[in-house]
1. Looking at the stretch 65-92, which of its residues are part of a loop (DSSP other than H, G, I, E, B), more than 14 Å from Leu114 (Cα to Cα) and in contact with a helix residue (DSSP H, G or I) (Cβ under 9 Å, 6 or more places away or on another chain)?
2. Would you be able to say whether some residue in the stretch 37-51 is touching a Ser or Thr at 6+ places or on another chain (Cβ under 7 Å), closer than 22 Å to Glu125 by Cα and part of a strand (DSSP E or B)?
3. So, in the stretch 99-128, how many residues would count as being at pLDDT 90 or above, part of a loop (DSSP other than H, G, I, E, B), farther than 16 Å from Gly41 by Cα and not aliphatic (A, V, I, L, M)?
4. Taking into account only those residues within the stretch 67-98 that are among the hydrophobic types (A, V, I, L, M, F, W, C) and in contact with a Phe, Trp or Tyr (Cβ under 7 Å, 6 or more places away or on another chain), which is farthest from Asp47 (Cα to Cα)?
5. All but one of (1) open to solvent by less than 30 Å² (accessible area, probe 1.4 Å); (2) at pLDDT 95 or above hold for Val49; which doesn't?
6. Only one residue in Val102, Val49 is of a type in the set (A, V, I, L, M) and over 25 Å from Leu26 (Cα atoms), so which one is that?
Amino acid sequence: ERELLARAVLLYKSIAKENKAKIQELEPQAKNYKLLMGSKGNIDFADFVKCAKLSEGRNTFMSRLRREKILMQNSTTPRQNYIKQGYFEVVQGVATNGYSVVKTTITKKGQDWLIKKCDKWNLLEIAN
């Protein structure tokens, strides 16, 4: 009975140590996620890449989104189904030179969705 109890205690300590290590590993990601999702309003791709601390830059990330058929080829415009799902907004404005410009922004829902995609693609850096 003592031996069984001793083995149970060792097993418990081993599991607790593994769990603590996993928490320490994931804590920086959780802080990044909380910071990103705690902001107000939509953000553009450059800010998303910086705030999410992705392991690749804006242009490489956007190329990935094109390969994954999220953005249209040779464009920063998302495919219509992703706009309809509320992940992106495309807004038209006027540049300082008077020309019309179109800008894609990522909604809160889209940021959450993209963070999950980035995690699946192993793009989230673990910051210490």
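1. Met72, Gln73, Asn74, Ser75, Thr76, Thr77
2. yes
3. 3
4. Ranking the candidates gives Ile70 first.
5. (2)
6. Every option except Val102 fails the conditions.
The values are calculated or read from the model by the stated rules, or taken from the named source; none is laboratory data. The shown structure was predicted, so the numbers you read here are calculated from the model rather than taken from an experiment. Ideal geometry is used to build each Cβ from the backbone, glycine not excepted, and the neighbour counts take in all protein chains shown. Surface accessibility is based on the protein's heavy atoms, side chains included, excluding ligands, DNA and RNA. Shrake-Rupley method; radii C 1.70, N 1.55, O 1.52, S 1.80 Å.
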